[in-house]
Structures are given as structure tokens and as C-alpha cells.
């Protein structure tokens, strides 16, 4: 570690120590609301960025009661010049929640983040997803490697069963429901909420093949983790994202599929693909909501978008001849 990195790390530790009381209150507040450890970790990452911004901006450590809405707006501008509006709004909500927790604990009397407006997001924007042809080629054109079966299982769980990256990461051997006629998995989703997902038989068989033949030897304390790295530890969320990114890059290089570069494909787009395909197959929204682990049915409704092809088919099948009989 060079001197610059050490100085930055020391500054972070000093800031976290200075705001220790406020951060403890915030953590207890989130835990009492039932937030998962991953969500709390993400909230604290945002707060750390904010505290560093304040220190750099003010050239000293300041009390959170002295922060103004202009300070918060400046932080959001600095970190979100090129980021999405949704990302900006998420960080603003983190700050609002921090100040709300401190007000409820009577540490502060004012929430400056509440006076900062949310960025207007485009309404009706359709989720990006893969067509059946694109999804098939993704699975069949994966680059060969010693971890081909593991990686294929990971992609298929997201694209064919709708798992989130964190749910693939958290999957345990004990989560597999080993019923030959009705196999499935128990998934630990957002807020540590468990849900049951039946699996297509071929996907279930592929998972078993990976487990029996291709799964690495686990290190101590990782014996229950289903997906392991080459070192025998639970595969990281970042590694899952990298596997997906590499597969997408390989797909985009296939003849006739270069246009996919414009879709900005990510691991989460495989989940969008699952939701969209379920709607197109005629599955009711409540069932899709349960399969995907959505708390609110409104979230599921984003998958009810229709393509021009579907519109054309619907209109062609509409019989209007009786209106032109004369």
C-alpha cells in the first residue's frame, strides 16, 4: 500500500470514528426495519461517500446538524454527473433515511435531504431483455473454460428462473429441493425473504451435474455454498457479474448480433428477460410476482410491455370484416 492509499484509509477510519454515534443509530434503525445485511452494507457505502465529500468540501469534520440541502445537492452532482437518475435517487433516499433515523432518536431536528428534489425519471421506459433467439445463443455460445458448467448454471438461473445476482451468490446446497418430479430451490431474496421457485427439469439436472462433477472442493465454512470459486470459497457477487459480462461480450461478437452492444446488457437484464418471457407465455402477474420476489405488484407490471410484433399479430387476428360487408 502506497502512502496516498494509506492516508486515504486513515482518513476514512477517522471519519467513521468521528460519526460513530450517528452511524450506530442508523444501523440499529435499519436492522429494526428488517433490512438485509447486504442492503445495510450498501447504505453505509453511500453514507461513507457522503462523509468523505463533506470533509473534502468543508476541509474539516462537521456536525451533521450543520449540513444544508446545498451540501447534499453538491454531493449528488459530484457523484452522478454521468450516472442514472435512478442511482442518484437511491443515494438521496439513503441520506433521507439517515436523517430520519437521527430525528426519530432526537439527535437532530431537521432533515435537509428532504428538501432536495428527486430527479425526474422517464416514465414508461421499457426494460431491456433478450429475445428467445438471443437467449439461446447466449447459452450456446459461452466461451469454453474449466468452469463452463458452473457459469452456464449461473446464467440459466438468472435467465430461466429469474434469480438476482445476490440470490445466486447466496444459494446453498441445502436450498435445492431434490424432488425428481417437482424439483426446485428455496431462494433468500431481498430483506431475507425466502421464496420457492420450481425449476425446469433440464435446469435441475444441470445443477446436479455441476454439483456432482464440476463443483470445486469447498474450503472450511464454505461447504454449504452451492457455487464455489476455484479457491473453494463461495463465489462473489462481483465474479457473477463478470461471468455475465464476459458471456455478453462473447455473444455480441457473434455474426449478426453486434447490435446487442447498444442494449448495455448486464446480469440484471437476464432477470428482465425471465419476467418478460413469463408474461408472453400467458402467466398471470400474481404468479410472476411470487416467482420473482416482488413486494409490490406494480414492479411486476413493467414486464407487461408488448412488442410491435405482438401488436401486429393482435390486429391481424382481429376480424373486422363485418364492418365492411356493405
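We did not get these values from a lab; they are worked out from the coordinates using the rules stated. Since the structure is predicted, the reported quantities are computational estimates derived from the model, not experimental observations.
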What are the semi-axes of the equivalent ellipsoid of the stretch 119-186, taken as the square roots of 5 times the eigenvalues of the Cα gyration tensor, listed largest first and rounded to whole Å?
-> 26, 19, 13
Grab the alpha carbons of the stretch 132-306, take their convex hull, and tell me the volume per residue in Å³.
-> 123 Å³
For the stretch 138-202 and the stretch 43-94, distance of Cα centres in Å | 36 Å
Is it possible to state the helix-based mean residue ellipticity at 222 nm for the chain, with each DSSP H run of 4+ residues giving -39500 (n - 2.57), the sum divided by total residues, to the nearest 500 deg cm²/dmol? What is it?
-> -16500 deg cm²/dmol
Take the eigenvalues of the Cα gyration tensor for the chain, scale each by 5, and report the square roots as semi-axes in whole Å, largest first.
-> 40, 29, 20
Cα convex hull volume per residue for the stretch 43-96, in Å³, equals 76 Å³
Rounded to the nearest whole number, the Stokes-Einstein translational diffusion coefficient of the stretch 68-184 at 25 °C and 0.890 mPa s (Kirkwood radius, C-alpha pairs) in µm²/s is 131 µm²/s
In terms of the ratio Rg/(2.2 N^0.38 Å) built on C-alpha atoms, what value belongs to the stretch 9-115?
-> 1.01
